[in-house]
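Below is one structure, written out as structure tokens; comments come after it.
The values are calculated or read from the model by the stated rules, or taken from the named source; none is laboratory data. Values in this document were obtained by computation on a predicted structure and should not be read as measured data. Quick reminder, even Gly has a Cβ in these numbers, built from the backbone with ideal geometry, and neighbours come from all protein chains shown.
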Amino acid sequence: MVYQVFILLLPILTIPYVSRVLGPTGIGINAFTNSIVQYFVLFGTLGMTMYGNREVAYQRDQPKQLSNLFWELSILRLVTTTIATMMYLGFIILSGEYQLFYLIQGLFLVSNAVDVSWFFQGLEEFRITVLRNTLVKIISLISIFVLVRTKDDLWLYIFILSGSQVLGNLTLLPYLKRYITRPHWSNLMLTRHLRPTIEMFVPQIATQVYLQLNKTMLGALIGVQASGFYDNSDKIVKILLAVVTATGTVLLPHSAHSYSQGRYDIIETSLDKSMHFILLLAFPLTTGLAGVAPLFTYVFFGKGFNPVADLLVIESAVIVLVGISNAVGVQYLLPTNQLKTFTASVVFGALVNIVLNLPLILLIQSNGAMVATVLSELLVTVYQLIKVRKQIHIFKLFAEVWKYAFSAVVMGVLVRIFTVVVPVQSVTLLLLAVLWGGAIYFLILGLLRPHVLIQMILVLKRKSK
């Protein structure tokens with residue numbers, strides 16, 4: 001969670017600067033070209049990130065099998081990424097436009113080839129990945145401010161983003177010697193992982209529809225500026241989502257390990273606590289973002305980015321929806337090996353997104369793409385809850401949801417009134433609005449006394465003693 005808050009702070013420092021230096025067109029070109037390379041990264045990864053995370057959690061008590069698993073998945077990942085890279089180079093040759101930017105974005109494929117973070121996540125060794133990536137991100141932050149000075153530096157901005165990703169993954173490699181041994185080539189069986197990784201690949205493809213297809217279609221149908229507006233809104237929401245879904249990253253290997261030991265009671269207990277904590281954060285983040293959206297857009301992005309405000313209001317609903325589906329899907333369905341249900345939910349959402357995208361984009365442009373995204377996420381969440389309703393106590397998970405929702409809605413309305421009444425648009429007003437909103441939310445919540453908040457206070461008191 002601390003790391004995700006740190007990741008939250010970095011774009012708050014860089015995005016206002018970069019938006020003003022590169023402008024809507026530069027931001028749009030980066031968003032559009034990056035959306036293309038991510039399709040090839042997806043193919044190179046197959047479903048190995050989540051699959052590897054889960055399998056490492058299953059086998060972490062067996063050092064020999066764990067080492068073999070690492071080599072099998074790493075070699076398989078290298079092969080698939082090499083194929084994806086060759087395909088991407090062919091695409092660049094045929095593309096004609098933005099070739100330089102596409103080429104630099106290709107570093108994300110190199111980063112994918114050397115990524116071993118899935119291994120450490122499966123071991124629940126988050127400290128290693130957090131410390132390395134924090135250092136690299138600080139270096140990239142400084143580099144952006146020092147080196148990116150004009151619109152002509154767009155290529156350099158993309159290079160810093162993609163190059164830092166490569167550097168961050170390379171810094172993890174020396175730590176592998178603690179856990180793995182030299183491979184015994186005769187014992188390695190790469191093909192046994194093909195089917196399960198391809199099965200994991202299907203929901204990854206569907207997920208990528210949410211992440212990239214909207215930007216790609218906006219860039220192709222409306223223009224790169226529309227793609228840039230969508231991307232800026234999406235970045236802010238994804239930053240907040242990173243805080244909400246941090247528990248999913250941590251609890252996937254934890255739940256998978258409990259599942260391998262037959263401890264279903266631990267899995268449901270973890271899901272129950274996690275869901276309440278997620279909703280405690282997700283509702284105020286949703287309504288708070290919607291409340292400050294116009295002021296935030298003006299202060300954060302500057303002139304020329306006004307359409308982002310409406311996009312933020314629409315997309316803010318995704319924070320709650322993805323928070324719930326992340327808890328159910330990543331913390332329950334995947335660890336308990338219910339991949340078919342998880343895949344079906346994400347594919348269903350992707351198909352709805354594709355069907356709605358074209359007419360809505362043509363009708364209301366960027367807002368249409370965002371509406372399609374929200375509706376798709378809603379259907380994914382509802383589908384998952386319907387499927388698990390007989391396995392877990394659904395009503396227990398959402399027993400106090402009305403308390404979070406009521407407190408958050410009141411807070412959001414009062415925050416919007418506050419930003420409208422005060423005529424000055426400034427960073428100071430934005431900070432005051434955030435503090436005002438936080439105080440209102442926790443004041444009302446304190447009066448309603450939700451169980452999870454009381455438990456958190458008791459734990460903090462015990463630790464302080």
Checking Tyr58 against (1) at pLDDT 85 or above; (2) surrounded by 19 or more Cβ atoms within 10 Å (Cβ to Cβ); (3) more than 18 Å from the chain's Cα centre (by Cα), only one condition comes out false. Which one? (1)
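Each row is one residue, and each column tells you yes or no for (1) closer than 27 Å to Leu448 by Cβ; (2) among the β-branched types (Val, Ile, Thr); (3) within 18 Å of the chain's Cα centre (by Cα).
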| residue | (1), (2), (3) |
| --- | --- |
| Ile319 | yes, yes, yes |
| Phe348 | no, no, no |
| Val352 | no, yes, no |
| Glu400 | yes, no, no |
| Val409 | yes, yes, no |
Within segment 328-352, residues being surrounded by fewer than 23 Cβ atoms within 10 Å (Cβ to Cβ) and within 11 Å of Leu375 (Cα to Cα) number 2
Take the conditions more than 24 Å from Ile266 (Cα to Cα) and buried (at least 24 other Cβ atoms within 10 Å of the Cβ) and apply them to Ile319. Does it pass? yes
Residue list for segment 368-396, filter: in contact with an Asp or Glu (Cβ under 6 Å, 6 or more places away or on another chain) and crowded, with 21+ Cβ neighbours inside 10 Å: Met370
Mind checking which helices (runs of 4 or more DSSP H) fall wholly inside segment 346-465 and carry at least 1 residues that are without any contact (Cβ under 8 Å) to a residue 12 or more places away in the chain and hydroxyl-bearing (Ser, Thr, Tyr)? 427-448, 451-464
Take the residues in segment 121-153 that are part of a helix (DSSP H, G or I) and acidic (Asp, Glu), then tell me which one is farthest from Val330 (Cα to Cα). Asp152
Kindly indicate whether any position in segment 398-406 is over 16 Å from Ala282 (Cβ atoms), modelled with pLDDT of 90 or more and crowded, with 16+ Cβ neighbours inside 10 Å. no
For residues in segment 110-153 being surrounded by 15 or more Cβ atoms within 10 Å (Cβ to Cβ), of a type outside the set (Val, Ile, Thr) and closer than 25 Å to Thr25 by Cβ, which is farthest from the chain's Cα centre (by Cα)? Asp153
If Leu312 satisfies every condition in (1) within 19 Å of Val224 (Cα to Cα); (2) in contact (Cβ under 8 Å) with a residue 12 or more places away in the chain; (3) surrounded by fewer than 21 Cβ atoms within 10 Å (Cβ to Cβ) but one, which is the exception? (3)
Being of a type in the set (S, T, N, Q) and under 20 Å from the mean Cα position of the chain (by Cα) is the filter here, so list the residues in segment 363-382 that pass it. Thr373, Ser376, Thr381
Those residues of segment 154-175 which are under 25 Å from Glu97 (Cα atoms), touching a residue at least 40 places away in the same chain (Cβ under 8 Å) and surrounded by fewer than 18 Cβ atoms within 10 Å (Cβ to Cβ) amount to Trp155
